[in-house]
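**Q** Here's a structure for you.
The values are calculated or read from the model by the stated rules, or taken from the named source; none is laboratory data. Values in this document were obtained by computation on a predicted structure and should not be read as measured data. A quick note on method: Cβ atoms are made from the backbone with ideal geometry, for glycine too, and the neighbour counts reach across all protein chains shown.
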Amino acid sequence: MCGRYSLFVTPDELEERFGVSVPADYGPRYNAAPRQDLPVIRADPDAELTRANWGFLPSWTDDPDDAPRPINARSETVRDKPMFRDAFASAGAGADLATAGRCLVPADGFYEWKEEGGGKQPYRVTLADEKPFAMAGLYAVWEGVEKQTGLDAFAGGGKAEPETRRVVSFTVCTTEPNDLVADLHHRMAVMVPEGEEETWLHGGVEEAAGLFEPYPAGEMRAYPVSTAVNDPANDSPAVVEELGAN
């Protein structure tokens, strides 16, 4: 499972790595968590880094406030599961990407927790060279109207017009772990190999599914970090520091 990750490389590094423009409001995230608005790259001709909320919300959801919001999607079932199949199938020229599709979720590390000494020790997992990488994601766009209470409906002495609401959301695909991550968790994020980003964004379902293999363990490293990362409110450089490194 992927339930927390980091992205604190510079805008220049992101632009060079992914060929996208980075908005001025981009800032480092050391402890990205579910239900936060985070950077993603969609199949957009403008090639921009945009934001989406972590927790998938399909366009056909009736009540977005009470709906389940999965942060991960098992790669083995994305073709068939109603929650994700439209997003996974939407790619390529002429595809309707207005409501769902595939996306890249840029990161420079993710966290997993391992049972050690009667507790859970967090580890940060990165590429061996600590360069940014892309996790395979799916996005959806939900649009509707805000719920109204009786007071809302008659605010100001008359019936108020309902306010529209738009939520762009995403989930991270997961796969079987490689030998490195298997020591920490039974699942890992699908990491898109460098050079295969267009395959994930625009390729057919068979081509995209070919990227679900675990990333090579020999090209990655994992190290223990402080349990401060357990609290999403702790979003500072301290949470990525290796325990015992000093």
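**Q** Report the residue count in segment 57-98 for those that are aliphatic (A, V, I, L, M), within 16 Å of the chain's Cα centre (by Cα) and within 19 Å of E197 (Cα to Cα).
**A** 3
**Q** Now, a different point. Go through segment 64-75 and count every residue that is in contact (Cβ under 8 Å) with a residue 40 or more places away in the chain and surrounded by fewer than 23 Cβ atoms within 10 Å (Cβ to Cβ).
**A** Residues of segment 64-75 that are in contact (Cβ under 8 Å) with a residue 40 or more places away in the chain, as a first pass: 64-65, 69-75.
Checking the rest, the ones that are also surrounded by fewer than 23 Cβ atoms within 10 Å (Cβ to Cβ) come to 64-65, 69-72, 74-75.
Looking only at that region, the number is 8.
**Q** Against the conditions (1) modelled with pLDDT under 85; (2) closer than 23 Å to D12 by Cα, where does A136 fall short? Just the number, please.
**A** Going through the list (1) modelled with pLDDT under 85; (2) closer than 23 Å to D12 by Cα, A136 breaks only (1).
**Q** Tell me which residues, restricted to segment 1-28, are of a type in the set (G, A, S) and touching a Gly at 6+ places or on another chain (Cβ under 8 Å). Please lay out each step first, then the result.
**A** We begin by selecting, within segment 1-28, every residue of a type in the set (G, A, S); these are 3, 6, 19, 21, 24, 27.
Residue satisfying the conditions is S6 alone.
**Q** Follow-up question, since we're still on this one. Could you say whether any residue in segment 94-110 is assigned to a loop (DSSP other than H, G, I, E, B), within 26 Å of P237 (Cα to Cα) and modelled with pLDDT of 95 or more?
**A** Taking segment 94-110 and keeping what is assigned to a loop (DSSP other than H, G, I, E, B), we get 94-99, 108.
Cutting the leftovers down to within 26 Å of P237 (Cα to Cα) gives us 108.
Retained after the next criterion (residues that are modelled with pLDDT of 95 or more): 108.
Scanning segment 94-110, I find at least one residue that is assigned to a loop (DSSP other than H, G, I, E, B), within 26 Å of P237 (Cα to Cα) and modelled with pLDDT of 95 or more, so the answer is yes.
**Q** Within segment 1-17, which residues are touching a residue at least 60 places away in the same chain (Cβ under 8 Å), farther than 30 Å from E76 by Cβ and part of a loop (DSSP other than H, G, I, E, B)?
**A** Within segment 1-17, F8, V9 meet the criteria.
**Q** Can you name the residue in segment 15-41 that is more than 16 Å from the chain's Cα centre (by Cα) and surrounded by 14 or more Cβ atoms within 10 Å (Cβ to Cβ) and, of all such residues, is farthest from V240 (Cα to Cα)?
**A** V20
**Q** Within segment 218-246, work out how many residues are of a type in the set (A, V, I, L, M, F, W, C) and surrounded by fewer than 17 Cβ atoms within 10 Å (Cβ to Cβ).
**A** Pass one, segment 218-246, residues of a type in the set (A, V, I, L, M, F, W, C): 220, 222, 225, 228-229, 233, 238-240, 243, 245.
Still in the list and also surrounded by fewer than 17 Cβ atoms within 10 Å (Cβ to Cβ): 228, 233, 238, 243, 245.
Looking only at that region, the number is 5.
**Q** Pairs only if they're at least six apart or on different chains, beta carbon under 7 angstrom, first in segment 158-170 and under 22 Å from D86 (Cα atoms), second assigned to a loop (DSSP other than H, G, I, E, B) and at pLDDT 80 or above; list them, first residue then second.
**A** V167/L57; V167/P64; S169/G55; S169/F56; S169/L57; F170/F56
**Q** Evaluate segment 224-236: report whether one residue or more is at pLDDT below 95, out of contact with any Gly (no Cβ under 7 Å at 6 or more places or on another chain) and closer than 22 Å to R4 by Cβ.
**A** Of all residues in segment 224-236, those at pLDDT below 95 come to none.
No - not one qualifying residue is present in segment 224-236.
**Q** If you check every pair at least six apart or on different chains, which have Cβ atoms under 7 Å apart with a residue in segment 44-56 that is farther than 16 Å from E197 by Cα and assigned to a loop (DSSP other than H, G, I, E, B) first and a residue that is modelled with pLDDT of 95 or more and among the charged types (D, E, K, R) second?
**A** From residues that are farther than 16 Å from E197 by Cα and assigned to a loop (DSSP other than H, G, I, E, B), the pairs are G55/R35; G55/R69; F56/R69.
**Q** Over 30 Å from E16 (Cβ atoms) and at pLDDT below 95: is that true of N246 in this structure?
**A** Values: over 30 Å from E16 (Cβ atoms): yes; at pLDDT below 95: yes.
Considered against the rule, which asks whether it is over 30 Å from E16 (Cβ atoms) and at pLDDT below 95, N246 comes out as yes.
**Q** Name, by its number, the condition in (1) loosely packed, with under 15 Cβ neighbours inside 10 Å; (2) out of contact with any Lys or Arg (no Cβ under 9 Å at 6 or more places or on another chain); (3) more than 14 Å from Y111 (Cα to Cα) that does not hold for E194.
**A** In the conditions (1) loosely packed, with under 15 Cβ neighbours inside 10 Å; (2) out of contact with any Lys or Arg (no Cβ under 9 Å at 6 or more places or on another chain); (3) more than 14 Å from Y111 (Cα to Cα), E194 misses (2) alone.
**Q** Among the residues of segment 189-216, what is the count of those that are among the small types (G, A, S), closer than 18 Å to A100 by Cβ and in contact with a Cys (Cβ under 7 Å, 6 or more places away or on another chain)? Working first, answer last.
**A** First pass over segment 189-216, keeping only residues among the small types (G, A, S): 189, 195, 203-204, 208-210.
Filter once more, keeping what is closer than 18 Å to A100 by Cβ: 203-204, 208-209.
Filter once more, so that each one left must be in contact with a Cys (Cβ under 7 Å, 6 or more places away or on another chain): none.
Qualifying residue count for the region: 0.
**Q** Additional query: For segment 76-88, which positions are surrounded by fewer than 19 Cβ atoms within 10 Å (Cβ to Cβ) and outside any helix (DSSP H, G or I)? Spell out the reasoning first.
**A** Here is the first cut: in segment 76-88, the residues surrounded by fewer than 19 Cβ atoms within 10 Å (Cβ to Cβ) are 76-77, 79-82, 85-86.
Answer for segment 76-88, where residues must be surrounded by fewer than 19 Cβ atoms within 10 Å (Cβ to Cβ) and outside any helix (DSSP H, G or I): E76, T77, R79, D80, K81, P82.
**Q** Picking from G101, G117, which residue would you name as being crowded, with 23+ Cβ neighbours inside 10 Å and out of contact with any Pro (no Cβ under 7 Å at 6 or more places or on another chain)?
**A** Numbers: G117 fails: crowded, with 23+ Cβ neighbours inside 10 Å.
Every option except G101 fails the conditions.
**Q** May I ask you to list the residues in segment 33-43 that are without any contact (Cβ under 8 Å) to a residue 60 or more places away in the chain and assigned to a strand (DSSP E or B)? Full working, then the answer.
**A** If we filter segment 33-43 for residues that are without any contact (Cβ under 8 Å) to a residue 60 or more places away in the chain, which is where we start, we get 34-35, 37.
Answer for segment 33-43, where residues must be without any contact (Cβ under 8 Å) to a residue 60 or more places away in the chain and assigned to a strand (DSSP E or B): just D37.
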